[in-house]
Amino acid sequence: MQLRQWQSECVKRALRHFHGAHKHFLCLATPGAGKSIMAAEVAAKLFEDDLIDFVLCFSPSVNISQGMKQTFSSRLSCRFDGVIGSVGCSYTYQGMLAFKEDFWQLLRRNRVLVVFDEIHHCAGRSLEDANAWGEEILLNIQAQAQYTLALTGTPWRSDQAPIVLSRYTDPDNQIQCDYVYGLKEAVAESVCRSPHIVLIDNDKIAVINEENETKTYGSLDELLKRSSISYQSIIENHEAIQYILTLAANKLKAIKQSNPNAAGLIVASSVSHAADILNTLKNEFNETAQIVTYKEDDPSAKINEFRNSTTNWIVSVGMISEGTDIPRLQVCCHLSRVKTELYFRQVLGRILRTNDSLNQQAWLYTFAEPKLVEFASRIAEEIPDIPVIFSEPIEINLKQELPEFHDMSVKTLPPTNSNILNIGRQYLDKQTKSYSAEILLGENFGTSTSLSFELLGGFREKVVSTFNSPF
(Lines give C-alpha, C1' and ligand atoms only; values in the text may rest on other atoms or scores of the structure.)
Protein backbone atom coordinates (compact mmCIF):
# COMPACT_ATOMS: atom_id res chain seq x y z
CA MET A 1 0.00 0.00 0.00
CA GLN A 2 1.22 3.48 -0.87
CA LEU A 3 1.79 5.42 2.32
CA ARG A 4 0.75 9.02 2.72
CA GLN A 5 3.57 11.48 3.20
CA TRP A 6 2.91 11.95 6.90
CA GLN A 7 2.82 8.18 7.42
CA SER A 8 6.21 7.73 5.71
CA GLU A 9 7.72 10.55 7.76
CA CYS A 10 6.35 9.14 11.00
CA VAL A 11 7.59 5.62 10.23
CA LYS A 12 11.10 6.94 9.59
CA ARG A 13 11.08 9.02 12.75
CA ALA A 14 9.84 6.11 14.86
CA LEU A 15 12.55 3.81 13.51
CA ARG A 16 15.24 6.43 14.22
CA HIS A 17 13.76 6.82 17.69
CA PHE A 18 13.94 3.09 18.38
CA HIS A 19 17.41 2.72 16.85
CA GLY A 20 18.52 5.53 19.16
CA ALA A 21 17.79 3.35 22.19
CA HIS A 22 14.46 5.04 23.01
CA LYS A 23 11.72 2.55 23.83
CA HIS A 24 8.52 4.61 23.85
CA PHE A 25 7.17 6.61 20.88
CA LEU A 26 4.01 8.76 20.89
CA CYS A 27 2.28 9.76 17.64
CA LEU A 28 -0.44 12.40 17.58
CA ALA A 29 -2.39 12.34 14.32
CA THR A 30 -5.81 13.82 13.71
CA PRO A 31 -8.74 11.36 13.59
CA GLY A 32 -9.13 9.78 10.18
CA ALA A 33 -5.49 10.26 9.14
CA GLY A 34 -4.62 6.54 9.10
CA LYS A 35 -2.69 5.90 12.31
CA SER A 36 -3.14 2.12 12.32
CA ILE A 37 -1.70 1.79 8.80
CA MET A 38 1.35 3.77 9.90
CA ALA A 39 1.72 1.55 12.99
CA ALA A 40 1.53 -1.63 10.91
CA GLU A 41 4.29 -0.26 8.66
CA VAL A 42 6.51 0.39 11.69
CA ALA A 43 5.96 -3.21 12.80
CA ALA A 44 6.81 -4.51 9.32
CA LYS A 45 10.09 -2.55 9.26
CA LEU A 46 11.05 -3.76 12.74
CA PHE A 47 10.44 -7.36 11.63
CA GLU A 48 12.56 -6.78 8.51
CA ASP A 49 15.41 -5.46 10.69
CA ASP A 50 15.06 -8.46 13.03
CA LEU A 51 14.40 -6.19 16.01
CA ILE A 52 11.15 -7.77 17.22
CA ASP A 53 9.62 -11.24 17.47
CA PHE A 54 5.99 -10.40 18.17
CA VAL A 55 3.43 -7.56 18.13
CA LEU A 56 0.63 -6.87 20.59
CA CYS A 57 -2.06 -4.26 19.87
CA PHE A 58 -4.44 -2.77 22.43
CA SER A 59 -7.41 -0.48 21.75
CA PRO A 60 -10.53 0.75 23.58
CA SER A 61 -13.25 -1.28 21.82
CA VAL A 62 -13.88 -4.59 20.10
CA ASN A 63 -14.66 -2.85 16.82
CA ILE A 64 -11.36 -0.93 16.82
CA SER A 65 -9.51 -4.06 17.91
CA GLN A 66 -10.89 -5.99 14.96
CA GLY A 67 -9.87 -3.18 12.61
CA MET A 68 -6.32 -3.26 13.99
CA LYS A 69 -6.23 -7.03 13.52
CA GLN A 70 -7.21 -6.72 9.86
CA THR A 71 -4.75 -3.89 9.17
CA PHE A 72 -1.77 -5.67 10.74
CA SER A 73 -2.63 -9.04 9.21
CA SER A 74 -2.85 -7.45 5.75
CA ARG A 75 0.44 -5.54 6.01
CA LEU A 76 2.40 -8.38 7.63
CA SER A 77 0.86 -11.04 5.32
CA CYS A 78 0.40 -13.31 8.28
CA ARG A 79 -2.21 -14.36 10.81
CA PHE A 80 -2.69 -11.85 13.59
CA ASP A 81 -4.90 -13.76 16.01
CA GLY A 82 -2.47 -15.12 18.59
CA VAL A 83 -2.60 -18.75 17.48
CA ILE A 84 0.39 -20.83 16.39
CA GLY A 85 1.90 -19.32 13.25
CA SER A 86 0.70 -15.77 13.88
CA VAL A 87 3.03 -12.85 14.52
CA GLY A 88 0.77 -10.98 16.91
CA CYS A 89 -2.67 -10.35 18.26
CA SER A 90 -5.08 -7.48 18.88
CA TYR A 91 -6.92 -7.02 22.19
CA THR A 92 -9.06 -4.46 23.98
CA TYR A 93 -7.84 -2.57 27.03
CA GLN A 94 -10.65 -4.19 29.01
CA GLY A 95 -9.37 -7.65 28.05
CA MET A 96 -5.96 -6.72 29.38
CA LEU A 97 -7.33 -6.89 32.93
CA ALA A 98 -8.05 -10.62 32.60
CA PHE A 99 -4.54 -11.65 31.54
CA LYS A 100 -2.62 -13.93 33.94
CA GLU A 101 1.08 -13.92 34.69
CA ASP A 102 1.85 -16.51 32.01
CA PHE A 103 0.57 -14.12 29.34
CA TRP A 104 2.86 -11.32 30.48
CA GLN A 105 5.82 -13.73 30.34
CA LEU A 106 5.56 -13.31 26.59
CA LEU A 107 7.07 -9.82 26.91
CA ARG A 108 9.87 -10.98 29.19
CA ARG A 109 10.92 -13.85 26.95
CA ASN A 110 10.51 -12.21 23.54
CA ARG A 111 11.20 -8.91 21.83
CA VAL A 112 7.71 -7.48 21.62
CA LEU A 113 6.41 -4.28 20.03
CA VAL A 114 3.28 -3.12 21.85
CA VAL A 115 0.96 -0.75 19.97
CA PHE A 116 -1.60 1.31 21.90
CA ASP A 117 -4.42 2.87 19.91
CA GLU A 118 -6.14 5.86 21.56
CA ILE A 119 -3.61 5.76 24.41
CA HIS A 120 -5.39 8.64 26.19
CA HIS A 121 -7.74 6.04 27.68
CA CYS A 122 -4.86 4.85 29.85
CA ALA A 123 -3.80 7.17 32.67
CA GLY A 124 -0.92 7.25 35.11
CA ARG A 125 2.62 8.46 35.65
CA SER A 126 2.87 6.07 38.59
CA LEU A 127 0.74 3.45 40.28
CA GLU A 128 -0.59 6.14 42.64
CA ASP A 129 -2.36 8.12 39.88
CA ALA A 130 -3.02 5.33 37.35
CA ASN A 131 -6.41 4.05 36.24
CA ALA A 132 -6.95 0.29 35.85
CA TRP A 133 -5.64 0.13 32.27
CA GLY A 134 -2.73 2.43 32.99
CA GLU A 135 -1.76 0.31 35.97
CA GLU A 136 -1.51 -2.83 33.82
CA ILE A 137 0.73 -0.98 31.36
CA LEU A 138 2.99 0.35 34.11
CA LEU A 139 3.28 -3.05 35.78
CA ASN A 140 3.54 -5.40 32.81
CA ILE A 141 4.52 -3.46 29.68
CA GLN A 142 6.48 -0.27 30.36
CA ALA A 143 9.75 -1.98 31.34
CA GLN A 144 9.20 -5.35 29.66
CA ALA A 145 8.30 -4.39 26.09
CA GLN A 146 11.08 -4.05 23.54
CA TYR A 147 9.29 -1.00 22.08
CA THR A 148 5.94 0.74 22.49
CA LEU A 149 4.15 2.78 19.86
CA ALA A 150 1.32 4.89 21.28
CA LEU A 151 -1.28 6.51 19.00
CA THR A 152 -3.82 9.22 19.73
CA GLY A 153 -5.92 11.79 17.93
CA THR A 154 -6.80 13.65 21.15
CA PRO A 155 -3.76 13.80 23.46
CA TRP A 156 -5.47 14.75 26.69
CA ARG A 157 -7.98 13.38 29.17
CA SER A 158 -11.15 15.07 30.40
CA ASP A 159 -10.07 14.45 34.00
CA GLN A 160 -6.67 16.10 33.32
CA ALA A 161 -4.82 12.97 34.47
CA PRO A 162 -1.46 12.23 32.80
CA ILE A 163 -1.48 9.76 29.91
CA VAL A 164 0.55 6.63 30.59
CA LEU A 165 4.02 6.33 28.97
CA SER A 166 3.94 10.03 28.02
CA ARG A 167 6.37 12.84 28.78
CA TYR A 168 5.26 16.28 29.95
CA THR A 169 7.04 19.61 29.95
CA ASP A 170 7.81 21.38 33.19
CA PRO A 171 6.33 23.65 34.53
CA ASP A 172 3.48 24.12 31.98
CA ASN A 173 2.68 20.39 31.93
CA GLN A 174 2.24 20.11 28.14
CA ILE A 175 2.40 16.64 26.60
CA GLN A 176 5.44 15.97 24.40
CA CYS A 177 4.66 14.05 21.22
CA ASP A 178 7.36 12.45 19.09
CA TYR A 179 5.40 13.14 15.90
CA VAL A 180 2.44 15.45 15.30
CA TYR A 181 0.12 15.52 12.30
CA GLY A 182 -2.69 17.99 12.93
CA LEU A 183 -6.04 18.75 11.34
CA LYS A 184 -4.58 21.77 9.56
CA GLU A 185 -2.06 19.64 7.68
CA ALA A 186 -4.52 16.80 7.07
CA VAL A 187 -7.12 19.11 5.50
CA ALA A 188 -4.50 20.95 3.40
CA GLU A 189 -3.23 17.63 2.02
CA SER A 190 -6.74 16.20 1.47
CA VAL A 191 -6.04 13.44 3.96
CA CYS A 192 -9.10 14.53 5.97
CA ARG A 193 -12.27 16.34 5.01
CA SER A 194 -12.64 20.00 5.88
CA PRO A 195 -15.34 20.11 8.58
CA HIS A 196 -18.34 22.42 8.75
CA ILE A 197 -19.83 22.72 12.23
CA VAL A 198 -23.40 24.00 12.44
CA LEU A 199 -24.39 25.48 15.82
CA ILE A 200 -28.16 25.75 16.26
CA ASP A 201 -29.74 28.33 18.55
CA ASN A 202 -33.19 29.75 19.35
CA ASP A 203 -33.90 33.43 19.95
CA LYS A 204 -36.98 33.29 22.18
CA ILE A 205 -37.21 30.64 24.90
CA ALA A 206 -39.86 31.08 27.57
CA VAL A 207 -39.49 29.39 30.97
CA ILE A 208 -42.59 29.11 33.13
CA ASN A 209 -42.34 28.34 36.85
CA GLU A 210 -44.93 26.83 39.21
CA GLU A 211 -46.38 30.27 39.95
CA ASN A 212 -47.03 30.61 36.22
CA GLU A 213 -44.40 33.35 35.98
CA THR A 214 -42.61 33.56 32.64
CA LYS A 215 -39.02 34.53 31.91
CA THR A 216 -37.79 34.83 28.33
CA TYR A 217 -34.26 34.11 27.12
CA GLY A 218 -32.70 35.17 23.84
CA SER A 219 -30.35 32.23 23.31
CA LEU A 220 -29.44 28.79 24.60
CA ASP A 221 -26.37 30.30 26.21
CA GLU A 222 -28.54 32.68 28.24
CA LEU A 223 -31.07 29.94 29.06
CA LEU A 224 -28.48 27.49 30.37
CA LYS A 225 -26.59 30.08 32.38
CA ARG A 226 -29.56 31.86 33.95
CA SER A 227 -32.19 29.17 34.45
CA SER A 228 -32.38 25.67 35.85
CA ILE A 229 -33.30 24.17 32.47
CA SER A 230 -30.79 21.44 31.59
CA TYR A 231 -29.05 20.77 28.30
CA GLN A 232 -30.51 17.26 28.48
CA SER A 233 -34.02 18.73 28.21
CA ILE A 234 -32.99 20.60 25.06
CA ILE A 235 -31.57 17.61 23.23
CA GLU A 236 -34.68 15.60 24.14
CA ASN A 237 -37.11 18.29 22.98
CA HIS A 238 -39.04 16.86 20.05
CA GLU A 239 -39.29 20.12 18.09
CA ALA A 240 -35.57 20.78 18.55
CA ILE A 241 -34.79 17.25 17.37
CA GLN A 242 -37.08 17.65 14.37
CA TYR A 243 -35.30 20.86 13.43
CA ILE A 244 -31.76 19.48 13.66
CA LEU A 245 -32.76 16.29 11.83
CA THR A 246 -34.37 18.35 9.07
CA LEU A 247 -31.14 20.25 8.50
CA ALA A 248 -28.99 17.10 8.65
CA ALA A 249 -31.31 14.98 6.48
CA ASN A 250 -31.46 17.63 3.78
CA LYS A 251 -27.68 18.01 3.82
CA LEU A 252 -27.28 14.25 3.45
CA LYS A 253 -29.75 14.21 0.55
CA ALA A 254 -27.70 16.91 -1.19
CA ILE A 255 -24.46 14.98 -0.70
CA LYS A 256 -26.05 11.74 -1.90
CA GLN A 257 -26.78 13.34 -5.26
CA SER A 258 -23.09 12.87 -6.04
CA ASN A 259 -22.25 10.23 -3.40
CA PRO A 260 -25.14 7.71 -3.43
CA ASN A 261 -23.57 5.68 -0.62
CA ALA A 262 -23.06 8.61 1.79
CA ALA A 263 -24.49 8.16 5.28
CA GLY A 264 -25.12 9.98 8.53
CA LEU A 265 -24.42 9.36 12.21
CA ILE A 266 -26.48 10.53 15.18
CA VAL A 267 -24.81 10.33 18.59
CA ALA A 268 -27.59 10.05 21.18
CA SER A 269 -27.47 10.50 24.94
CA SER A 270 -29.17 7.28 26.08
CA VAL A 271 -30.76 4.12 24.75
CA SER A 272 -34.27 5.56 25.09
CA HIS A 273 -33.14 8.81 23.45
CA ALA A 274 -31.66 6.83 20.55
CA ALA A 275 -34.88 4.83 20.17
CA ASP A 276 -36.94 8.04 19.99
CA ILE A 277 -34.61 9.50 17.36
CA LEU A 278 -34.71 6.27 15.34
CA ASN A 279 -38.51 6.34 15.45
CA THR A 280 -38.54 9.98 14.30
CA LEU A 281 -36.17 9.26 11.40
CA LYS A 282 -38.22 6.33 10.18
CA ASN A 283 -41.77 7.54 10.76
CA GLU A 284 -41.54 11.30 10.30
CA PHE A 285 -38.65 11.59 7.83
CA ASN A 286 -39.14 8.28 5.99
CA GLU A 287 -35.40 7.58 6.30
CA THR A 288 -33.67 4.22 6.40
CA ALA A 289 -31.91 3.92 9.76
CA GLN A 290 -30.60 1.47 12.31
CA ILE A 291 -29.54 1.67 15.94
CA VAL A 292 -26.44 0.41 17.76
CA THR A 293 -25.95 0.66 21.53
CA TYR A 294 -23.94 -1.00 24.26
CA LYS A 295 -26.99 -3.15 25.03
CA GLU A 296 -26.79 -5.02 21.72
CA ASP A 297 -25.65 -8.64 21.78
CA ASP A 298 -23.10 -8.00 19.02
CA PRO A 299 -22.76 -4.25 18.34
CA SER A 300 -19.60 -4.76 16.25
CA ALA A 301 -21.56 -6.93 13.82
CA LYS A 302 -24.21 -4.21 13.50
CA ILE A 303 -21.54 -1.58 12.82
CA ASN A 304 -19.93 -3.78 10.18
CA GLU A 305 -23.34 -4.40 8.61
CA PHE A 306 -23.97 -0.66 8.41
CA ARG A 307 -20.48 0.01 7.03
CA ASN A 308 -21.22 -2.15 4.00
CA SER A 309 -24.92 -1.32 3.60
CA THR A 310 -26.93 1.41 1.87
CA THR A 311 -28.79 2.44 5.04
CA ASN A 312 -28.80 6.22 5.39
CA TRP A 313 -28.47 6.69 9.16
CA ILE A 314 -27.03 4.96 12.20
CA VAL A 315 -28.06 6.10 15.68
CA SER A 316 -25.44 5.31 18.29
CA VAL A 317 -24.99 5.43 22.04
CA GLY A 318 -21.32 5.18 22.99
CA MET A 319 -20.39 2.86 20.12
CA ILE A 320 -19.08 5.09 17.29
CA SER A 321 -17.26 7.86 19.12
CA GLU A 322 -13.66 7.17 18.13
CA GLY A 323 -11.50 4.88 16.09
CA THR A 324 -14.42 3.40 14.14
CA ASP A 325 -13.72 3.56 10.41
CA ILE A 326 -16.86 4.20 8.33
CA PRO A 327 -15.68 6.49 5.48
CA ARG A 328 -19.16 6.85 4.00
CA LEU A 329 -20.23 8.87 7.06
CA GLN A 330 -20.34 12.55 6.05
CA VAL A 331 -23.08 14.06 8.24
CA CYS A 332 -23.32 13.86 12.02
CA CYS A 333 -25.67 15.13 14.73
CA HIS A 334 -24.01 15.50 18.14
CA LEU A 335 -26.93 14.98 20.55
CA SER A 336 -25.03 13.48 23.46
CA ARG A 337 -25.17 14.82 26.99
CA VAL A 338 -21.36 14.46 27.12
CA LYS A 339 -19.90 17.93 26.56
CA THR A 340 -16.13 17.52 26.78
CA GLU A 341 -13.68 18.64 24.12
CA LEU A 342 -12.22 15.15 23.95
CA TYR A 343 -15.59 13.63 23.08
CA PHE A 344 -16.54 16.47 20.72
CA ARG A 345 -13.40 15.93 18.66
CA GLN A 346 -13.84 12.18 18.67
CA VAL A 347 -17.39 12.51 17.33
CA LEU A 348 -16.27 15.01 14.69
CA GLY A 349 -13.52 12.60 13.65
CA ARG A 350 -16.11 10.04 12.51
CA ILE A 351 -16.96 12.14 9.44
CA LEU A 352 -13.45 13.35 8.53
CA ARG A 353 -12.05 10.22 6.87
CA THR A 354 -11.84 10.67 3.10
CA ASN A 355 -12.79 8.10 0.47
CA ASP A 356 -13.01 7.96 -3.32
CA SER A 357 -16.35 9.75 -3.60
CA LEU A 358 -16.72 12.97 -5.58
CA ASN A 359 -18.17 15.02 -2.72
CA GLN A 360 -15.92 15.18 0.35
CA GLN A 361 -17.98 17.52 2.54
CA ALA A 362 -18.27 16.82 6.27
CA TRP A 363 -21.07 18.40 8.31
CA LEU A 364 -21.57 18.22 12.08
CA TYR A 365 -24.80 19.59 13.60
CA THR A 366 -25.23 20.40 17.27
CA PHE A 367 -26.78 23.00 19.54
CA ALA A 368 -25.10 26.24 20.57
CA GLU A 369 -24.38 25.12 24.13
CA PRO A 370 -21.56 27.35 25.46
CA LYS A 371 -18.94 24.61 25.80
CA LEU A 372 -19.68 23.16 22.36
CA VAL A 373 -19.43 26.65 20.86
CA GLU A 374 -16.02 27.02 22.50
CA PHE A 375 -14.82 23.68 21.14
CA ALA A 376 -16.01 24.56 17.63
CA SER A 377 -14.14 27.85 17.89
CA ARG A 378 -10.90 26.11 18.79
CA ILE A 379 -11.19 23.72 15.87
CA ALA A 380 -11.69 26.71 13.57
CA GLU A 381 -8.59 28.38 15.00
CA GLU A 382 -6.46 25.37 14.06
CA ILE A 383 -6.97 25.99 10.36
CA PRO A 384 -5.94 29.30 8.74
CA ASP A 385 -8.10 31.61 6.63
CA ILE A 386 -11.35 30.55 8.19
CA PRO A 387 -14.47 32.52 7.30
CA VAL A 388 -17.43 32.51 9.65
CA ILE A 389 -20.56 32.03 7.55
CA PHE A 390 -24.00 33.05 8.73
CA SER A 391 -27.20 32.02 6.99
CA GLU A 392 -29.65 34.87 6.60
CA PRO A 393 -33.01 34.62 8.44
CA ILE A 394 -35.54 32.47 6.60
CA GLU A 395 -39.09 31.26 7.15
CA ILE A 396 -39.04 27.54 7.99
CA ASN A 397 -41.92 25.10 8.03
CA LEU A 398 -41.33 21.60 9.36
CA LYS A 399 -43.76 20.13 6.86
CA GLN A 400 -41.63 21.39 3.99
CA GLU A 401 -38.08 20.54 3.09
CA LEU A 402 -35.52 23.09 4.09
CA PRO A 403 -33.68 24.79 1.22
CA GLU A 404 -30.05 23.86 0.92
CA PHE A 405 -27.47 26.34 2.12
CA HIS A 406 -26.36 27.01 -1.46
CA ASP A 407 -29.92 28.18 -2.21
CA MET A 408 -29.70 30.79 0.56
CA SER A 409 -28.13 34.18 0.58
CA VAL A 410 -25.02 33.94 2.73
CA LYS A 411 -22.70 36.49 4.18
CA THR A 412 -19.01 35.65 4.53
CA LEU A 413 -17.08 37.73 7.01
CA PRO A 414 -13.45 38.58 6.28
CA PRO A 415 -11.08 35.93 7.67
CA THR A 416 -9.56 38.03 10.43
CA ASN A 417 -8.47 36.95 13.86
CA SER A 418 -11.24 38.97 15.48
CA ASN A 419 -13.88 37.01 13.58
CA ILE A 420 -12.34 33.71 14.59
CA LEU A 421 -12.20 34.66 18.24
CA ASN A 422 -15.77 35.88 18.27
CA ILE A 423 -17.34 32.68 16.97
CA GLY A 424 -20.06 31.87 19.46
CA ARG A 425 -20.43 35.47 20.59
CA GLN A 426 -22.14 36.60 17.37
CA TYR A 427 -25.66 35.56 16.52
CA LEU A 428 -28.05 35.90 13.61
CA ASP A 429 -30.73 38.52 13.37
CA LYS A 430 -34.08 37.40 14.68
CA GLN A 431 -35.93 34.99 12.42
CA THR A 432 -39.65 34.86 11.86
CA LYS A 433 -41.30 32.74 14.53
CA SER A 434 -41.83 29.27 13.14
CA TYR A 435 -42.01 26.89 16.11
CA SER A 436 -43.97 26.65 19.31
CA ALA A 437 -43.25 23.77 21.67
CA GLU A 438 -43.68 23.02 25.34
CA ILE A 439 -41.72 20.58 27.49
CA LEU A 440 -42.71 19.71 31.05
CA LEU A 441 -39.70 18.75 33.14
CA GLY A 442 -40.51 15.64 35.11
CA GLU A 443 -39.44 12.03 35.27
CA ASN A 444 -37.87 12.15 31.81
CA PHE A 445 -35.24 14.58 33.03
CA GLY A 446 -34.65 13.20 36.50
CA THR A 447 -36.18 16.17 38.30
CA SER A 448 -39.41 16.94 40.12
CA THR A 449 -39.45 20.64 39.28
CA SER A 450 -42.59 22.09 37.75
CA LEU A 451 -40.63 24.37 35.42
CA SER A 452 -41.55 24.24 31.76
CA PHE A 453 -40.09 25.96 28.75
CA GLU A 454 -41.34 26.90 25.31
CA LEU A 455 -39.33 27.43 22.14
CA LEU A 456 -41.23 30.42 20.83
CA GLY A 457 -38.58 31.99 18.64
CA GLY A 458 -37.15 30.99 15.32
CA PHE A 459 -34.28 28.53 15.21
CA ARG A 460 -31.09 29.85 13.65
CA GLU A 461 -27.89 28.26 12.46
CA LYS A 462 -24.32 29.45 12.71
CA VAL A 463 -21.90 27.64 10.41
CA VAL A 464 -18.25 27.38 11.36
CA SER A 465 -16.50 26.55 8.10
CA THR A 466 -12.90 25.73 7.34
CA PHE A 467 -11.50 27.30 4.16
CA ASN A 468 -13.71 28.92 1.55
CA SER A 469 -16.28 26.33 0.67
CA PRO A 470 -19.06 26.74 -1.92
CA PHE A 471 -22.48 25.55 -0.83
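Quick notes on this one:
- When residues in region 288-312 are screened for being over 21 Å from Thr92 (Cα atoms) and in a loop (DSSP other than H, G, I, E, B), 6 of them pass.
- Some residue of region 235-256 being part of a strand (DSSP E or B), closer than 22 Å to Leu372 by Cβ and modelled with pLDDT of 90 or more: no
- Identity of the residue in region 129-148, within 19 Å of Cys27 (Cβ to Cβ) and of a type in the set (Gly, Ala, Ser), that ends up nearest to the chain's Cα centre (by Cα): Gly134
- Qualifying residue in region 363-383 (condition: more than 28 Å from Leu220 (Cα to Cα), in contact (Cβ under 8 Å) with a residue 24 or more places away in the chain and part of a loop (DSSP other than H, G, I, E, B)): no
- One residue from Arg350, Arg345, Arg328 being under 21 Å from Met68 (Cβ atoms), basic (Lys, Arg), modelled with pLDDT under 90 and in the same structural domain as Asn261 (by TED's automatic domain parsing): Arg345
- Those residues of region 90-137 which are within 19 Å of Cys57 (Cβ to Cβ) and polar (S, T, N, Q), in sequence order: Ser90, Thr92, Gln94, Gln105, Asn110
- Residue, surrounded by the fewest Cβ atoms within 10 Å (Cβ to Cβ), within region 343-377, restricted to residues that are closer than 24 Å to Arg307 by Cα and aliphatic (A, V, I, L, M): Leu358
Table: residues versus (1) out of contact with any helix residue (DSSP H, G or I) (no Cβ under 8 Å at 6 or more places or on another chain); (2) crowded, with 19+ Cβ neighbours inside 10 Å.
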residue: His273; (1), (2): no, yes
residue: Glu284; (1), (2): no, no
residue: Ala289; (1), (2): no, yes
residue: Asp297; (1), (2): yes, no
residue: Ser300; (1), (2): no, no
residue: Ile320; (1), (2): no, yes
residue: Val338; (1), (2): yes, no
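The values are calculated or read from the model by the stated rules, or taken from the named source; none is laboratory data. Keep in mind it's a predicted model, so treat the numbers as computed, not measured. Heads up, the Cβs are rebuilt from the backbone with ideal geometry, glycines too, and the neighbour counts pull from every protein chain shown.
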